[in-house]
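Report on one structure; see the data block that follows.
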C-alpha cells in the first residue's frame, strides 16, 4: 500500500479553494489533505490517525475488504480522497527507487 501520493490537479474538485489545501506532488502521512465526505462536501483533514491502543505511528491505509469488519475502524465514516497518482517503492542495491502510478 502506498505511503505517498500526488494531488496536483485541483481544478475538478468543487470547494477545494475554500478549505485551503495547496497542490502537492509528494503528500506524506500526517499532511493536510482535501477529502470529500459522504455528502461530497470538501474538507481539510490530516492523513492518518492513531487509535487509542496504538503506542506509536499512524494508520494511513485500510483494505476495502476488511474496513467494515475490523474494530479499528468502528465509529468512523468513509470519505473519498481525490488523488492524481501514488508512489510505490522498489528496493535496489542503490537504495529505494520510487515508481509513480497514475491513470492516463
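No value in this document is a laboratory result; all are computed from the given coordinates. Computed from a predicted model, the values in this text were never measured in an experiment. In this analysis, Cβ positions are derived from the backbone assuming ideal geometry, glycine residues included, and neighbour counts consider all displayed protein chains.
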Subject >> Segment residue 40-residue 66, length gained on full extension (0.36 nm per residue, minus Cα span) >> reply: 7.0 nm
Subject >> Virtual spin-label span in nm between residue 55 and residue 87, 7 Å along Cα→Cβ >> reply: 2.9
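Rounded to whole Å and sorted largest first, what semi-axes of the equivalent ellipsoid does the C-alpha gyration tensor of the chain yield via the square root of 5 times each eigenvalue?
Values: eigenvalues 103, 93, 33 Å².
Ellipsoid semi-axes (Å, largest first): 23, 22, 13.
Under the 0.36 nm per residue contour assumption, what length would be gained going from the current alpha-carbon distance of residue 94 and residue 74 to full extension?
Details: separation 20, 0.36 × 20 = 7.20 nm, distance 4.16 nm.
Extra length available between residue 94 and residue 74 comes to 3.0 nm.
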**OP:** Beta carbons within 10 angstrom, averaged per residue: use that to sort the peptides 15-22, 82-89, highest first.
**Re:** 82-89, 15-22
